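Working notes, beginning with the structure itself.
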Amino acid sequence: MSKQGLFISFEGIDGSGKSTQVARLAEHLRAQGHEVVLTREPGGSKGAEEIRALVLQGDPDRWSAETEILLFTAARRDHLERLIRPALSAGKIVICDRFADSTRMYQGLSRGDLRGVVDSLHTLMIGVEPDLTILIDMDPVEGLKRAKGRQGTEERFEDFGTSLQEAMRTGFLALAEEFSGRFRVIDGGQDIDAVAADICAATDAVLAAQT
Ligand code: ADP
Ligand code: TYD
């Protein structure tokens, strides 16, 4: 059992395999006897899931870029207070499908340079980073093909197309350099089992260093 909590986030463009791989990692860690909480953003708590519907459905121009940053951060604050912090305090491993790095990329880059605003609000209202961030890196054309294969109403950012996804990919790789201590970059172009094996190995190494 883990005595100390561990906070793991997954990042990457739409369709890179995050949802698939968070489930695989949770299975791997539970088999080792860890208590694992699997969650996602935007969402993860009741209030944050309500905000998720506001930001991911409806007219893409519904919110200004600044209002959108406030909404994603509000959702994160609720998620942190009600789910993430209590779970970490109880010594659990929290695996979160997207966290603040997604806001740094999607809100910080896609509608002008608002990275400074995102970071200021993050410092003021969130103030935590994951212990480990798994970046699943892959070709945006392939990722978009995968993402489009799914059904659903939450298409806002996927709808921006390949050029945005390309900018996001480059941005995420730059972020991995900026926060090289916590980021591990995984090749998402491999088959599902190979990606899972790389992610499990990276996580096991972090857990081994913790004890
Ligand atoms: P994300 O959460 O990053 O958007 P998903 O895990 O939902 O990505 O994956 C998008 C789609 O691609 C799903 O249909 C999933 O089954 C498929 N997929 C995920 N990983 C791989 C992979 N390594 N190779 C091929 N298809 C994959
Ligand atoms: P997600 O459900 O992870 O989508 P996918 O499985 O397709 O990757 O996230 C939904 C969308 O929300 C995704 O397009 C990225 C966007 N998003 C932001 O724009 N900012 C954020 O802070 C977060 C957490 C997500």
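The values are calculated or read from the model by the stated rules, or taken from the named source; none is laboratory data. Here the structure is a predicted model, which is why all the values come from computation and not from measurement. Backbone-built Cβ (ideal geometry, glycine too); neighbour counts: all protein chains shown. Ligands, DNA and RNA are excluded from the accessible area calculation, which covers all protein heavy atoms including side chains. Shrake-Rupley method; radii C 1.70, N 1.55, O 1.52, S 1.80 Å.
Only one of these is open to solvent by less than 50 Å² (accessible area, probe 1.4 Å), free of Cβ contacts under 8 Å to residues at least 40 places away in the same chain and either away from ligand 2 (no atom under 12 Å from the Cβ) or in a strand (DSSP E or B) (or both): Asp78, Asp59. Name it. So that I can check it myself, show each step before the final result.
Working: Asp59 fails: open to solvent by less than 50 Å² (accessible area, probe 1.4 Å).
Of Asp78, Asp59, the one residue that is open to solvent by less than 50 Å² (accessible area, probe 1.4 Å), free of Cβ contacts under 8 Å to residues at least 40 places away in the same chain and either away from ligand 2 (no atom under 12 Å from the Cβ) or in a strand (DSSP E or B) (or both) is Asp78.
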Q) Can you tell me how many residues in region 134-187 are modelled with pLDDT of 85 or more, surrounded by 14 or more Cβ atoms within 10 Å (Cβ to Cβ) and charged (D, E, K, R)? A) 7
Q: Considering every residue within region 85-95, establish whether at least one is in a helix (DSSP H, G or I) and buried (at least 19 other Cβ atoms within 10 Å of the Cβ).
A: yes
**Q.** Every pair of residues 6+ apart whose Cβ atoms lie under 9 Å, when the first sits in region 185-211 and is under 18 Å from Gly5 (Cα atoms) and touching a residue at least 40 places away in the same chain (Cβ under 8 Å) while the second is open to solvent by less than 70 Å² (accessible area, probe 1.4 Å) and assigned to a helix (DSSP H, G or I)
**A.** Cys200/Leu25; Cys200/His28; Cys200/Leu29; Thr203/Leu25; Thr203/His28; Thr203/Leu29; Leu207/Leu29
(Q) Which residue is nearest to Met138 (Cα to Cα), if the candidates are limited to region 18-56 and must be open to solvent by 70 Å² or more (accessible area, probe 1.4 Å) and of a type in the set (Asp, Glu)? (A) Glu27
(Q) Report every pair of residues separated by at least 6 positions or lying on different chains whose Cβ atoms are under 7 Å apart, first residue within region 138-158 and more than 8 Å from ligand 1 (Cβ to nearest atom), second in a helix (DSSP H, G or I) and modelled with pLDDT of 85 or more. (A) Pro140/Gln165; Pro140/Glu166; Pro140/Arg169; Leu144/Gln165; Glu154/Leu56; Arg156/Leu56; Phe157/Tyr106
Q: Among residues belonging to region 107-116 that are closer than 18 Å to Phe179 by Cα and open to solvent by 10 Å² or more (accessible area, probe 1.4 Å), point out the one that is nearest to ligand 2 (Cβ to nearest atom).
A: Leu109
Q: Consider Ile13 carefully, then state whether it is among the β-branched types (Val, Ile, Thr), in a loop (DSSP other than H, G, I, E, B) and either buried (at least 20 other Cβ atoms within 10 Å of the Cβ) or within 16 Å of ligand 1 (Cβ to nearest atom) (or both).
A: yes
